[in-house]
Amino acid sequence: MGFVVESLKELWDTFLMLFIVVDSIGNIPIFYSLTSGMGREERIKIFEKSVAVASALLVFFAVFGYPFFQYYGVSFTDFKIAGGLLLLIIALQGVFGRVEAEALRSEDLAVVPMATPLLAGPGAIYMVMYLNSVYGLLPTLVSIALNTLASYLILTKSNVLLEKAGKNTILVLSRIFSLLLAVLAVSLIRSGIYEALRG
């Protein structure tokens with residue numbers, strides 16, 4: 001029984017940490033701005049492709065990312081401090097707004113900028129490598145799968161969320177997620193510095 005509870009806690013922890021970084025809810029206004037002028041069916045197809053590409057990127061880096069850094073002698077402590085700083089920068093950008101992302105345009109919006117860097121950006125890529133190192137590959141892959149499903153449902157039903165909650169409410173939620181991400185980033189930096197000094 002204890003093993004099952006611990007496994008469920010690990011799955012919840014990995015899902016929640018990645019969910020905060022991916023920030024599908026906060027991306028709703030940006031995604032709608034990028035797909036303005038499209039019909040609902042075309043917009044849904046773009047959302048589906050962006051989620052699929054982002055998921056594939058995260059799986060790739062979860063499996064091969066950290067071993068690549070290990071090959072070049074990067075320790076887990078180095079990885080934790082650098083990743084924490086990266087997440088902190090991303091969190092601060094989220095807290096103070098990411099209006100510049102709304103101006104981005106691309107020939108294939110589903111891949112750039114929607115799949116990456118908005119969904120599977122540097123922060124999410126770092127997070128899946130971190131989760132694999134701490135919790136193992138299976139919980140990390142399950143977390144990616146659950147976040148893929150969550151992102152798909154959130155984005156494809158985002159018209160309902162925007163109508164019911166309004167754009168301002170979505171932006172407030174995004175700021176809250178960014179604040180939580182900043183707290184997580186500071187925790188990682190503090191832990192990494194402690195490990196480096198102790199070593």
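If I fit a long axis through the Cα atoms of helix 24-34 and take the longest principal axis of the Cα atoms of the chain, what angle between them do I get, 0 to 90°, rounded to 10?
Roughly 40 degrees between the two axes.
For a 27 Å ceiling on Cα separation, which of these pairs sit above it: Lys49/Lys80; Lys9/Lys80; Lys80/Lys157?
Lys49/Lys80; Lys80/Lys157
Which of the peptides 150-159, 82-91, 31-40 is most tightly packed, and how do the rest follow, going by the mean number of other Cβ atoms within 10 Å of each residue?
Ranking, from highest mean packing down: 82-91, 150-159, 31-40.
In nm, give the distance between the simple-model label positions of Leu162 and Glu41, each being 7 Å from the Cα along the Cα-to-Cβ direction.
Here the modelled spin labels are 2.0 nm apart.
Ordered by residue, what ³J(HN,Hα) values in Hz, to whole numbers, does segment 5-17 give under the Karplus form 6.51 cos²θ - 1.76 cosθ + 1.60, where θ = phi - 60° and Gly and Pro are x?
4, 5, 5, 5, 5, 4, 4, 5, 4, 5, 4, 5, 4
Within the set of other residues whose C-beta is less than 9 Å from the C-beta of Pro139, count the net charge using Lys and Arg as +1 and Asp and Glu as -1.
Summing Lys and Arg as +1 and Asp and Glu as -1 gives -2.
Rounded to the nearest 0.05, what FRET efficiency is calculated for Ile89 and Leu138 with R0 set to 35 Å and r the Cβ-Cβ distance?
Efficiency at R0 = 35 Å is approximately 0.70.
On a 0 to 90 degree scale, rounded to 10, what angle separates helix 40-71 from the longest Cα axis of the chain?
Computed tilt is about 10 degrees.
Less than 14 Å Cβ to Cβ from Val160, Lys/Arg counted +1 and Asp/Glu -1: what total charge do the surrounding residues give?
+4
Which three lengths, in whole Å and largest first, does the chain cover when its Cα atoms are put on their principal axes?
56, 38, 31
Roll a 1.4 angstrom probe over the protein heavy atoms and tell me the percent of accessible area of the chain that is carbon or sulfur.
Its accessible area is 69 percent carbon and sulfur atoms.
Would you mind checking the tilt of helix 167-198 against the longest principal axis of the Cα atoms of the chain, expressed as 0 to 90 degrees and rounded to 10?
Approximately 10 degrees, to the nearest 10.
The values are calculated or read from the model by the stated rules, or taken from the named source; none is laboratory data. The structure displayed is predicted, hence computed values, not measured ones. Here the Cβ is made from the backbone with ideal geometry for all residues, glycine too, and neighbour counts use every protein chain on show. In case anyone asks, the SASA skips ligands and DNA or RNA and just uses the protein heavy atoms, side chains included. Shrake-Rupley method; radii C 1.70, N 1.55, O 1.52, S 1.80 Å.
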